[in-house]
1. Mind checking whether some residue in segment 120-139 is in contact (Cβ under 8 Å) with a residue 60 or more places away in the chain, touching a strand residue (DSSP E or B) at 6+ places or on another chain (Cβ under 8 Å) and of a type outside the set (Ser, Thr, Tyr)?
2. Among the residues in segment 315-338, are any out of contact with any Phe, Trp or Tyr (no Cβ under 6 Å at 6 or more places or on another chain), in contact (Cβ under 8 Å) with a residue 60 or more places away in the chain, of a type in the set (Val, Ile, Thr) and farther than 20 Å from SER389 by Cα?
3. If GLN355 satisfies every condition in (1) on the phi < 0 side of the Ramachandran plot; (2) at pLDDT 75 or above but one, which is the exception?
4. What single numbered condition from (1) within 29 Å of LEU388 (Cβ to Cβ); (2) part of a helix (DSSP H, G or I); (3) within 16 Å of the chain's Cα centre (by Cα); (4) of a type outside the set (D, E, K, R) fails to hold for LEU294?
5. Identify, by number, the condition in (1) among the β-branched types (Val, Ile, Thr); (2) surrounded by fewer than 18 Cβ atoms within 10 Å (Cβ to Cβ); (3) over 28 Å from HIS295 (Cβ atoms) that VAL134 doesn't meet.
6. Of all helices (runs of 4 or more DSSP H) completely enclosed by segment 61-162, which ones contain at least 3 residues that are assigned by TED's automatic domain parsing to the domain that holds ASP264 and of a type in the set (Gly, Ala, Ser)?
7. Taking segment 96-140 on its own, how many of its residues are over 20 Å from MET167 (Cα atoms) and of a type outside the set (Val, Ile, Thr)?
8. Taking segment 154-194 as the search range and keeping residues that are among the acidic types (Asp, Glu) and at pLDDT below 95, which one is surrounded by the fewest Cβ atoms within 10 Å (Cβ to Cβ)?
Amino acid sequence: MMILLLALLDPFGLTSSTETASAQWLNRIFASNYSPSGQQQIVVVLIDDAYLLRNKTYWPMPYSEQSKLFKRLLAYQPAALFIDLLYSHDHSRGDPRQGSQLLANVFSRYQHQSIPLLLANTGQPRGEDGQINVLPRFASVSSPALVTWSGYGDRYPLAVQTPVGSMETPALQLYRHYCREHACKTLPASAEESVQAPPIAVQWGLDLAPQQAQIADISHCTAPGVLDQLGQAIFWKLGNSAQVNCPYTLTLSASDLEASSVEDRALLRQLLTDKLILVGAHITSASDLVQSPLHGKIPGIYLHAMALDNLITQGMDYDRDPSNLIWGIDWLDLVEVALLLLIAVLKALHDRRQQRLQLITPWPRWEKGFFASPYPSWCVVLSLLFLLSLMLYACDITPANVLAILLLSLALFSDKIEAFIGRED
């Protein structure tokens, strides 16, 4: 009973920790079978240290340098552009109106060419109580995309209620633009309706985009096998050797956009035209990192890209947590408790059989056969856990706490483990 209460109430965070470990491990397992359909529509452009050195500039980048970058992107006519940079302060030198206006003029060209432009937004009223948000000059020539939120853990919300109203996140907004040209299932009618939708339990992909080898050296990229992933999930303190070191989403460096040859420009046109492009930064002195179950720490722009990929691949049937019933407890918690209770009952029956063996007391024939070994009981638990996992996968529900249930099921072998240890002594 104590174990069941600990599993439900989770006073020490043990259940949450094993649930997180299980989700990460299964995310890695499913990553190898993740559909590449969304991958063909999304491109990430990274502003990195190499680009700053190449152009002898600094961070934050001067507006003149940013203007050059975004004019190059505009030339390739993307389907939509999200910029994960917060234009909260005018850092131009000299006349600030001329400096920031130069970039605002470039952004206005996107509007004139009907290319959706989204800028990162905090969802805060600018200037109130020291809050920051996009400068009015940039806000007037773009649409806001919320990039800061809390209370969702590692889940990705479609929209959040903010002090300035309901705001949608970049993934959903880009997906809306995608659906204007492609057949999609019904989307939330408004930002207010999107707030009510469950957040995405982001599934990460494993295999690199085929085009990645055309623009970068990928010889150092590795992808671990299933056994390596399982070992890393259990023995996580021994290192990160099982993690992937190259992102799933097709990635270009901002330096790639400076190509001058006819062949290189033709390749860029093939990769960027009519694609959903997300621009982010990976600067050593200004890190914006998120945790990926496959890659470890990775630039935050990839979380938006992967959430968008999930929407394109699965539509509104994306993976999600089961709905809560009461006090933060959902129906999957109750199913997991039922499995733990089954393990406890089977363990008690095995212990009773051992007591009867010692007392030379007869027992029913069915009990004699089934409980002669712990393996049949363990197979029953594993079969139920497997069927539960398949059902959750089919219903787009996040997986059960597989690792915790598997470890607790080993209690059925306690007698054999004790006998083995005693023999070693």
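1. Here is the first cut: in segment 120-139, the residues in contact (Cβ under 8 Å) with a residue 60 or more places away in the chain are none.
No, segment 120-139 contains no residue that is in contact (Cβ under 8 Å) with a residue 60 or more places away in the chain, touching a strand residue (DSSP E or B) at 6+ places or on another chain (Cβ under 8 Å) and of a type outside the set (Ser, Thr, Tyr).
2. no
3. So the condition that GLN355 fails would be (2).
4. (2)
5. Every listed condition holds for VAL134 apart from (2).
6. On the way: elements: 63-75, 96-112, 136-139.
Answer list for segment 61-162: 63-75, 96-112.
7. 20
8. Residues of segment 154-194 that are among the acidic types (Asp, Glu), as a first pass: 154, 168, 181, 192-193.
Keeping just the survivors that are at pLDDT below 95 gives 154, 181.
Numbers: ASP154: 15, GLU181: 10.
Applying the filter and picking the extreme gives GLU181.
The values are calculated or read from the model by the stated rules, or taken from the named source; none is laboratory data. Just so we're clear, the structure is a prediction, and the values are computed from it rather than from any experiment. For neighbour counting, all protein chains shown are included, and Cβ atoms are generated from backbone atoms with ideal geometry for every residue, glycine included.
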